[in-house]
Every structure is written in C-alpha cells, then in structure tokens.
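Input: a single structure, listed below in structure tokens.
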Amino acid sequence: MGMQSASAGPVKVLVVDDSVLMQKLMTQIVNATPGFQVIGVAGSAEEGWDAIQELRPDILTLDLELPGRHGLKLLARVLKQDPLPVLIVSAFGGPGADNTIQALELGAIDFIEKPDGTTHTLEGFMKHVGTALQRASASRRLLLAARATTQGAVGAGTPIPNRPAMAREISRTAGRAPLIAIGASTGGVPAVQVVMRDLAFTRLPIVVVQHMPAGYTAKFAARLAAATGLDVREAADGDRLRPGMAVVAPGGHRHLEIEERRGELVCVLREGPLVSGHCPSVDVMFHSMARAAGAQAVGVLLTGMGRDGADGLLAMRKAGAETLIQSGETCVVNGMPKAAFEIGAADRAVALDQIGGVVAGLIGDRPHQRTA
C-alpha cells in the first residue's frame with residue numbers, strides 16, 4: 001500500500017545525480033518502493049531545474065557533488081521558487097558532511113548516505129532510501145495542507161486544548177540555572193538553529209539530540225556555534241554543563257544522558273540498543289533530564305517522523321518541567337510533536353519562530369530584539 005490512495009497514483013520522484021550508475025540504482029530502488037515512481041533523471045543542476053519545470057515532481061533526490069559544485073545552488077533555487085521536499089543523497093561524512101549540513105539548513109528535509117562498499121552497504125542504502133521517501137512524502141502532505149489552510153492558525157504559546165498551560169516562571173535561584181533540552185529529527189537542523197539562536201542571549205546550558213549519524217554531529221555542532229555564538233560542542237562523557245554552553249549528542253552507538261553529580265549536571269554517554277528506533281534517542285535524554293533536573297528544565301520537542309521523545313517529554317512534564325512542542329503547521333514532519341500531544345506530554349504548542357521567546361518568558365528573561 002503506497003503513501004497515497006491508488007486513484008491518486010504514485011508519488012513522482014525526480015533523481016538528480018551526475019553518475020549514470022547512481023541514476024540507475026536510485027531509479028531501481030525508488031520504483032521498487034510501493035507508492036513511488038521515478039519520472040525522470042538529470043545529470044546537472046541545469047538539467048535538474050529544467051526537469052523540475054517540465055515534469056513537476058512531488059519529491060526531488062539531489063546529489064550535492066554535481067558538476068561545478070552547483071548542487072547547493074540548485075537546492076537554494078528550488079526551495080525559494082518552487083518548494084518541494086528535497087532528499088540529499090551524499091557521500092558519507094568527511095568533507096561532504098559540511099555541504100550536507102548546509103543543505104539541511106537551507107531546507108532539504110533529509111539525507112541518505114551513498115554506499116561506500118564497507119560500512120555503508122547497498123542493502124542499508126536501499127533501506128534508507130525507502131524510509132527517506134516515506135518521510136519526504138509525509139512532509140509533502142504537510143506542505144500541501146499548510147498551503148490549503150491559512151498560515152499561523154496556532155499562535156505563540158497556544159495552550160493545548162482542555163489543558164490550561166501552567167505558565168509558571170522557572171526560578172533561577174533554586175540552586176542552579178535552568179536547563180533547556182531539545183529533541184529533533186527530520187527537518188530539525190534549521191529548526192534547532194532557530195530555537196538556539198533565539199535563546200543564545202540567556203546563556204543557559206542547552207542539550208540537543210538531533211537524529212544524525214556519526215560523522216555529521218561534530219559538523220552540526222560547529223555550525224550551531226557559528227550561528228549562535230555559544231560554545232557548542234559534541235557531548236563528551238563527563239562534560240559538565242556550564243552557562244553559555246550547548247552540547248549535541250554524538251551520532252553513533254551511544255545514548256546521551258544527563259546526571260547530577262555533586263550538585264553539577266554532567267553528560268554521560270552509554271552504549272545501548274536503539275530506543276524508540278534511535279541511538280542517540282531523544283527519549284533517553286529527556287528521561288534523564290526528568291531525573292536530574294526536574295522542574296528546573298524546559299523540554300522542547302521539534303519536527304520529526306516517528307515518536308521518539310514523546311514518552312520522555314511526558315516524564316519531564318510529570319517531574320515539573322515546562323514542556324513545549326513545535327506547532328504542526330511549522331513542522332517539516334509533524335510526527336514526534338503529534339505523538340507527544342496525543343499522550344498529554346506538552347503544556348503548549350508553539351510556532352517555530354516563537355519558541356525561543358516563549359521559553360525565555362518561562363525562565364524570566366525577556367528576549368532581545370532579533371537582528372538577523
């Protein structure tokens with residue numbers, strides 16, 4: 001059963017890649033995924049743009065390493081003039097990781113790593129393409145729904161229906177500064193950046209779990225540091241959380257937890273199985289935050305597919321923390337926030353560009369006028 005009803009036909013995919021081998025491989029994999037069909041291939045940025053105008057695809061898969069290194073330029077043009085879900089197909093880690101992070105910042109919804117013959121197998125690649133197509137299709141439906149309705153239906157800090165927002169101000173004097181915990185997945189790279197940029201002036205410690213493989217999270221942390229002016233780093237085991245510091249959970253095989261040790265909050269990295277389908281898992285981090293920080297924390301769950309973070313956010317709320325979810329109409333994929341809403345984990349739903357201001361209000365700070 002495809003993502004759309006049979007009468008609507010398959011979701012149309014355009015593949016842009018300068019390798020004929022990759023064009024064939026992608027075509028084979030996409031066409032074998034129920035509900036999706038390749039309607040064209042292009043080998044350069046120019047051909048890609050022309051094909052978009054002519055074929056009107058629903059989803060674009062894009063190799064960034066196009067001739068003349070014009071992949072990012074094509075992406076920027078598409079997202080500005082003709083928005084549609086774009087999946088980046090990139091070489092694993094290394095120098096390509098910077099370009100991939102930049103593409104996600106621009107608004108690409110997700111990325112798939114090309115097989116490299118060793119750790120990244122063809123089998124794994126095929127599986128990733130299938131799941132990424134499902135995420136892109138979910139994002140496309142959200143995009144269409146957002147266009148069909150009037151934008152901004154949910155204002156800043158809209159309390160969840162039938163549950164009055166507690167709206168308490170978190171005290172800075174109860175032993176230590178408050179702590180902000182952020183979880184995100186699909187579409188999260190620019191979303192995390194927006195929230196952190198709007199909260200940078202508070203100098204509060206921030207802990208981030210963004211679903212991303214090893215080889216990308218260090219680059220993500222570096223770009224967050226440049227965008228926010230905060231000391232942002234990949235979390236290391238034993239790191240003590242300080243004002244003006246933010247940590248990003250490293251991708252790979254370890255979960256990030258926060259523990260209280262002798263009055264300080266410390267990062268702990270532990271190997272473990274997937275939790276809620278992920279490692280690192282937002283749920284694991286949020287649960288640890290509930291234990292270590294209780295009512296001194298603010299939990300923020302952003303865009304993403306699936307339900308990672310929902311149970312952990314509920315644990316934070318039960319421990320007295322303020323909990324926010326990104327409003328559905330501002331998400332790339334409203335999976336994780338919706339799951340949290342459904343189990344009563346969130347105090348309020350907030351539009352992305354207003355989350356920073358709402359959190360600042362909760363901790364008793366007034367946001368400065370944004371210059372960017």
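See the values below:
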{"quantity": "Unmet requirement for Ile258, which otherwise passes all of (1) more than 18 Å from Leu199 (Cβ to Cβ); (2) touching a helix residue (DSSP H, G or I) at 6+ places or on another chain (Cβ under 7 Å)", "calculated": "(1)"}
{"quantity": "Residue in the stretch 222-243 that is within 21 Å of Glu113 (Cα to Cα), assigned to a helix (DSSP H, G or I) and more than 12 Å from the chain's Cα centre (by Cα) present", "calculated": "yes"}
{"quantity": "Of residues in the stretch 61-71 being open to solvent by 40 Å² or more (accessible area, probe 1.4 Å) and not small (Gly, Ala, Ser), the one farthest from the chain's Cα centre (by Cα)", "calculated": "Pro67"}
{"quantity": "Among the candidates Ala321, Ala295, Ala290, Ala310, residue that is over 21 Å from the mean Cα position of the chain (by Cα), of a type in the set (Gly, Ala, Ser) and open to solvent by less than 10 Å² (accessible area, probe 1.4 Å)", "calculated": "Ala321"}
{"quantity": "Among residues of the stretch 256-270, those that are modelled with pLDDT of 95 or more and not in a strand (DSSP E or B), counted", "calculated": "0"}
{"quantity": "Single residue of Ile39, Ile29 found to be crowded, with 21+ Cβ neighbours inside 10 Å and either of a type in the set (Val, Ile, Thr) or part of a loop (DSSP other than H, G, I, E, B) (or both)", "calculated": "Ile29"}
{"quantity": "Whichever residue in the stretch 336-348 is modelled with pLDDT of 95 or more and out of contact with any Gly (no Cβ under 7 Å at 6 or more places or on another chain) and, among such residues, is most open to solvent (accessible area, probe 1.4 Å)", "calculated": "Glu342"}
{"quantity": "Pairs, first under 12 Å from Ala249 (Cα atoms) and open to solvent by 10 Å² or more (accessible area, probe 1.4 Å) in the stretch 272-286, second modelled with pLDDT of 95 or more and aliphatic (A, V, I, L, M), C-beta under 6 Å, six or more apart", "calculated": "Val284/Val275"}
{"quantity": "Test: residue in the stretch 292-305 that is touching a Lys or Arg at 6+ places or on another chain (Cβ under 8 Å), closer than 26 Å to Thr131 by Cβ, modelled with pLDDT of 95 or more and among the polar types (S, T, N, Q)", "calculated": "no"}
{"quantity": "Conditions (1) within 26 Å of the chain's Cα centre (by Cα); (2) within 16 Å of Ile112 (Cβ to Cβ); number of the one not met by Pro34", "calculated": "(2)"}
{"quantity": "Qualifying residue in the stretch 265-282 (condition: of a type in the set (Val, Ile, Thr) and out of contact with any Asp or Glu (no Cβ under 6 Å at 6 or more places or on another chain))", "calculated": "no"}
{"quantity": "Single residue of the stretch 75-93 satisfying the filter (touching a strand residue (DSSP E or B) at 6+ places or on another chain (Cβ under 9 Å) and farther than 22 Å from Gln37 by Cα) that is least open to solvent (accessible area, probe 1.4 Å)", "calculated": "Gly93"}
{"quantity": "Only one of Met196, Met212 that is at pLDDT below 95, surrounded by 14 or more Cβ atoms within 10 Å (Cβ to Cβ) and under 15 Å from the mean Cα position of the chain (by Cα)", "calculated": "Met212"}
{"quantity": "Residue within the stretch 232-241 that is touching a residue at least 12 places away in the same chain (Cβ under 8 Å), out of contact with any strand residue (DSSP E or B) (no Cβ under 9 Å at 6 or more places or on another chain) and open to solvent by 30 Å² or more (accessible area, probe 1.4 Å) present", "calculated": "no"}
{"quantity": "Scan of the stretch 219-231 for residues that are in contact with a strand residue (DSSP E or B) (Cβ under 7 Å, 6 or more places away or on another chain) and without any contact (Cβ under 8 Å) to a residue 40 or more places away in the chain, ordered by number", "calculated": "Ala221, Leu224, Ala225, Leu230, Asp231"}
{"quantity": "Residues within the stretch 42-60 that are in a loop (DSSP other than H, G, I, E, B) and crowded, with 17+ Cβ neighbours inside 10 Å, tallied", "calculated": "4"}
{"quantity": "Single residue of Ala132, Ala91, Ala153 found to be of a type in the set (A, V, I, L, M, F, W, C) and modelled with pLDDT of 85 or more", "calculated": "Ala132"}
{"quantity": "Of residues in the stretch 242-253 being out of contact with any Lys or Arg (no Cβ under 6 Å at 6 or more places or on another chain) and either among the charged types (D, E, K, R) or more than 20 Å from Gly309 (Cβ to Cβ) (or both), the one surrounded by the fewest Cβ atoms within 10 Å (Cβ to Cβ)", "calculated": "Arg242"}
{"quantity": "Filter pass, Gln53 being touching a Lys or Arg at 6+ places or on another chain (Cβ under 7 Å), free of Cβ contacts under 8 Å to residues at least 40 places away in the same chain and over 22 Å from Ala91 (Cα atoms)", "calculated": "no"}
{"quantity": "Residue within the stretch 325-335 that is over 29 Å from Leu133 (Cβ atoms), buried (at least 24 other Cβ atoms within 10 Å of the Cβ) and at pLDDT 95 or above present", "calculated": "no"}
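The values are calculated or read from the model by the stated rules, or taken from the named source; none is laboratory data. Just so you know, these numbers come straight off a predicted model, no measurement behind them. All Cβ positions, even for glycine, are placed from backbone atoms using ideal geometry, and neighbour counts span all protein chains on display. Heavy atoms of the whole protein, side chains included, go into the accessibility calculation; ligands, DNA and RNA do not. Shrake-Rupley method; radii C 1.70, N 1.55, O 1.52, S 1.80 Å.
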